[in-house]
Amino acid sequence: MVYPLIKKSARKYTWNDYLSWPDDERWEIIDGVAYNMTPAPTVKHQVIAGKFFSRLEQQLTNKPCRPFIAPVDVILTEYDIAQPDVFVVCDKNKITDKNIQGAPDFVIEILSPFTALKDLREKKQLYERCGVREYLVVDPLEEYIERFWLDADAMYTKGEIFGPHEVFSCKSLEGVEINLWEIFEVERLKE
């Protein structure tokens, strides 16, 4: 397993620190700890992200929700800045010209060897704490997704697994369904 490069500091990093870093570097800050976002994602990672984004964009055309694809800064708190792979914001007041201010409604993170541990641990805790209603983790190698949903106590439910031959129905985006065989580019099973 490869672990992300972390920018060490005795203090917590903030949005103002983030703004001072070079534009050619990609970082996320989670609870004041900076995580390097390099190396760039694989081609398979980007194909999957693009397929999710395009399907979300098609199905949200007549709804107030808007999908985004990385890199877009999502400012959750002064100490928490993320760049989810794909996400949807339904509150237009959170969308500014430069970034997103507040928690998206729906977030997709696509695992890679470099980011898997962070996505499954730190980012899951961050999204839960900040109120992301639905968090989807995609494993491009094993070809499955795991959904976490905020319950009535604002805690994520136990993960729900969907395989590459299933239809995924969003809980946070009414009417949005995604054929996972199209996302993972596998042959659809005959009924």
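Between Asp31 and His165, the FRET efficiency estimated from the beta carbon spacing at R0 = 35 angstrom works out to 0.40. When the chain is treated as a Gaussian network with alpha carbon springs shorter than 10 Å, the biggest mean-square fluctuation among Gly159, Gly175, Gly102 belongs to Gly175.
Within the set Lys124/Lys171; Lys118/Lys158; Lys63/Lys171; Lys124/Lys158, which residue pairs have Cα atoms separated by over 21 Å? All intermediate terms of the calculation are to be shown ahead of the outcome.
Values: Lys124/Lys171 17 Å; Lys118/Lys158 18 Å; Lys63/Lys171 15 Å; Lys124/Lys158 12 Å.
With Cα atoms farther than 21 Å apart: none of Lys124/Lys171; Lys118/Lys158; Lys63/Lys171; Lys124/Lys158.
Counting only aspartates and glutamates at least 8 places from Lys44 when in the same chain, those with an alpha carbon closer than 15 Å to its own are Asp85, Glu109, Asp139, Glu142, Glu143, Glu182, Glu185.
Could you tell me the calculated FRET efficiency between Gln101 and Lys190, based on Cβ-Cβ distance and R0 = 30 angstrom, to the nearest 0.05? With a Förster radius of 30 Å, E is 0.05.
Would you please report the Å³ per residue occupied by the convex hull of the alpha carbon atoms in the stretch 6-184?
Working: hull volume 21.6 nm³, N = 179.
Spelled out: Cα convex hull of the stretch 6-184, divided by residues, is 120 Å³.
Segment Thr42..Glu57, full-extension length gain: 3.2 nm, with 0.36 nm per residue of separation and the alpha-carbon distance subtracted.
What the Cβ-Cβ distance of Thr14 and Asn93 gives, at R0 = 22 Å and to the nearest 0.05, is a FRET efficiency of 0.45.
FYI, it's all coordinate maths here, none of it is from the lab. Keep in mind that this is a model prediction, so the values were computed, not measured. Don't worry about glycine lacking a Cβ; one is built from the backbone with ideal geometry, like all the others, and counts go over all protein chains shown.
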